[in-house]
Each structure stands twice: as structure tokens, then as C-alpha cells.
Amino acid sequence: MSRIVVAVDGPAGSGKSSVSKAVARKLGYAYLDTGAAYRAFAWHAQNAGVELEDAASVASALPSFEFSEATDPDHFSVRVGEKDVTDAIRKPAVTGIVSLVARVPEVRAALTEVFRSIAAATERDGIVIEGRDITTAVAPDAQVRVLLTASEEARMGRRSAELTGYSAQVVGEQLKARDRADSRVVDFMTAADGVTTVDSTELDFDETVDAVIAVIRTNL
Ligand code: C5P
């Protein structure tokens, strides 16, 4: 049996990371968070002292980027070299700069290759890959392709609940600014042909997980 790929895209705060992880856990699949890789690269580029506004300078940090991500949904972690950056990459300091590195074509091309090799190396029956361009660029041939959306209000509310200690206004402004910047590079607000939209605005977490699993069952 060939490996099943479930591609999940969506904007910031749509719940795609936690939902995709729960779906992977329920089905016994691997889980790949591609946003974590972009975040880890932003962390690395900043530490390497590159000029983040300058695409060539950002791309120059690629050869020294040693990235690894554990794809077990129960033991998720991200490393750059020997350093565990799982928590550091969620901080607003990284969230605020990640779009600057994600818009550089060389970065997208290099990370897309990394994602495909991680997916090819998984020993599980399937893998859930989530991000912004998975259904369209990383795995356009995936057996299951989902766009997970939610209203801006719902997304802002969820993100500020996750980030305790930061004001809801700051979190909301950062989320909107990031979606604006990211949408200039990738369209993750409209479903491409053959992609099923799951709108989680009116759903709780478990209902959203069930809705995605229902899409998977329909497509397999
Ligand atoms: O999903 P998450 O919010 O962690 O993604 C962090 C950032 O990584 C996004 O704001 C976007 O700039 C970038 N990203 C991307 N393509 C992906 C996943 C994430 O450009 N497939």
C-alpha cells in the first residue's frame, strides 16, 4: 500500500497545527508542521546575523541550516543543529519575522525539498502535512487535500488564548499583518481545485478533528 498524504492548508490561528496533530494521532499517521520549519529557519537566520530585509542575505543562511523535525505527533520537536527550538520558535519575536524569510524563493524551494524527503522517509501508513502551500505546491498530488478556515475573529480569539501573557490586541495585529504578508506569496484563503474546505468558525476542537477525518474517509 502506498503512503497516504493528507495535505492541510490554512491561515494563522485556523487551528490547523493542533487539529492536524490530533488527526495524525487518531489515524496513527506521522505529522509534519511546515510552519515550524519556516519558523526555525527565521530563528537561524536571525542568529546568523543576516539582513532579513535582503533576500540574497537571507538565502545565504540556507547552507548552514541543519534542520530536523520529529514527525511523531506524540513527541513533536524541532531542532536546529543540536539545539531544541520547539518553544523558542513560537515566541512573538520569531512570529514577527517569519514572513520575511518565507517570501524568499530559494528558502521555499529548499524547504519544499526537505518536506518531501521527510514525507518519503516516514515509516507510518500516512502523514498529515500542514502549512500554507501544501495542497498547491508541496504535495499537490496528495490523496486528501483540505483547506481549514475560520473567521478572522475566531482565529484572533484562539491565538490570544494560546499566547497567555501577550495582549489580545498585539496578538491580533500580528496575526493580521502576517496573513497580509503571507498572502502576497501564497494563496491560502481560497481552496484550489479539488481541495475541500472545512470552516471551523462554529465548530469546537473535537468537531473540527472529526470533520477533517470525515473528509479523509470520503477521499480514501
Ligand atoms: O503555520 P505557522 O503559523 O507556524 O507558520 C509560520 C509562517 O511560516 C507563516 O506565517 C508563513 O510565513 C510561513 N509558512 C509558509 N509556508 C508554509 C508554512 C508556513 O510560508 N507551508
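The values are calculated or read from the model by the stated rules, or taken from the named source; none is laboratory data. No experiment lies behind these values; they were computed from the predicted model shown. No Cβ is skipped: glycine too gets one built from the backbone with ideal geometry, and neighbour counts run over all protein chains shown. Heavy atoms of the whole protein, side chains included, go into the accessibility calculation; ligands, DNA and RNA do not. Shrake-Rupley method; radii C 1.70, N 1.55, O 1.52, S 1.80 Å.
The table below gives the values:
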{"read-out": "Residue with peak Gaussian network fluctuation, the chain [Cα springs, cutoff 10 Å], from A48, A191, A40", "value": "A48"}
{"read-out": "Extreme residue, positive dipole direction of region 68-164, given options A137, I118, T95 (C-beta unit charges)", "value": "T95"}
{"read-out": "Three-way shape label, region 152-215, alpha-carbon gyration tensor, a/c 1.5", "value": "oblate"}
{"read-out": "Distance histogram for region 4-219 (every C-alpha pair counted, 5 angstrom bins, percent rounded to whole numbers)", "value": "1, 7, 16, 20, 21, 18, 11, 4, 1, 0"}
{"read-out": "The chain: calculated mean residue ellipticity at 222 nm from DSSP helix runs of at least 4, using -39500 (n - 2.57)", "value": "-13500 deg cm²/dmol"}
{"read-out": "Electrostatic dipole magnitude of the chain [Cβ: Lys, Arg +1; Asp, Glu -1; Cα centre; debye, to 20]", "value": "80 debye"}
{"read-out": "Approximate spin-label separation K26-T201, in nm, with each point projected 7 Å along Cα-to-Cβ", "value": "2.3 nm"}
{"read-out": "Pairs of lysines in the chain (C-alpha under 22 Å apart; 8 or more residues apart or interchain)", "value": "6"}
{"read-out": "Average Cα contact separation per residue, region 42-164, under 8 Å, 6 or more apart, as relative contact order %", "value": "17 percent"}
{"read-out": "Kirkwood Rh, Cα atoms: Rg over Rh of region 23-74", "value": "1.15"}
{"read-out": "DSSP beta bridges in region 65-220 [antiparallel fraction, %, rounded to 5]", "value": "60 percent"}
{"read-out": "Average Cα contact separation per residue, the chain, under 8 Å, 6 or more apart, as relative contact order %", "value": "34 percent"}
{"read-out": "V170-S64 pseudo-label distance in nm [points 7 Å out on the Cα-to-Cβ vector]", "value": "2.9 nm"}
{"read-out": "Per residue solvent-accessible surface (Å²) - the chain, probe of 1.4 Å", "value": "47 Å²"}
{"read-out": "Fully extended contour minus Cα-Cα distance, from T190 to T86, at 0.36 nm per residue", "value": "34.5 nm"}
{"read-out": "Of all accessible heavy-atom area on region 4-219, the percent that carbon and sulfur account for (1.4 Å)", "value": "50 percent"}
